[in-house]
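Trainee: Before I ask anything, here is the structure I am working with.
The values are calculated or read from the model by the stated rules, or taken from the named source; none is laboratory data. Quick caveat, the model's predicted, so the values are computed rather than measured. Ideal geometry is used to build each Cβ from the backbone, glycine not excepted, and the neighbour counts take in all protein chains shown.
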Amino acid sequence: MVKKALITGVSGQDGAYLSELLLNKGYHVIGGDRRAASNTFWRLKKLDILDDVEIVNFDICEESNISYIINKHKPDEVYNLAAQSFVS
């Protein structure tokens, strides 16, 4: 049976590298990303794993959204790497 992992903040540096690691271990990776984020998933593309990660709309501030994603996908593991970043 294939293990499933949900990674919030999948488009960030740590989320991308964790996705790569788990995919190499045979996991099905579900990547949570905010709908409002203007992300191009360049890190996942650079690692050549974007097509292997199932991207889902995920807002860490919406409890109903969190429950829906967890109940729908039933991940074996959850990695919460979501954060707001204001580098500039």
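Trainee: For segment 1-27, enumerate the residues that are surrounded by 14 or more Cβ atoms within 10 Å (Cβ to Cβ) and among the charged types (D, E, K, R).
Mentor: K4, D14, E20, listed by residue number.
Trainee: Pull up segment 73-88, narrow it to residues that are modelled with pLDDT of 85 or more and in a loop (DSSP other than H, G, I, E, B), then point me to the one that is farthest from Y17 (Cα to Cα).
Mentor: This residue is K74.
Trainee: Continuing with the same structure: Checking T40 against (1) surrounded by 23 or more Cβ atoms within 10 Å (Cβ to Cβ); (2) polar (S, T, N, Q); (3) more than 12 Å from L81 (Cα to Cα), which single condition isn't satisfied?
Mentor: (1)
Trainee: Let me spell it out: the conditions are (1) crowded, with 16+ Cβ neighbours inside 10 Å; (2) part of a helix (DSSP H, G or I); (3) among the hydrophobic types (A, V, I, L, M, F, W, C); (4) at pLDDT 95 or above, and I30 meets all of them except one. Which number is the exception?
Mentor: Here I30 meets the rest and fails (2).
Trainee: Identify the residue in segment 52-72 that is more than 23 Å from W42 (Cβ to Cβ) and either outside any helix (DSSP H, G or I) or within 12 Å of the chain's Cα centre (by Cα) (or both) and, among all such residues, is modelled with the lowest pLDDT.
Mentor: Once the filter is applied, the top-ranked residue is C61.
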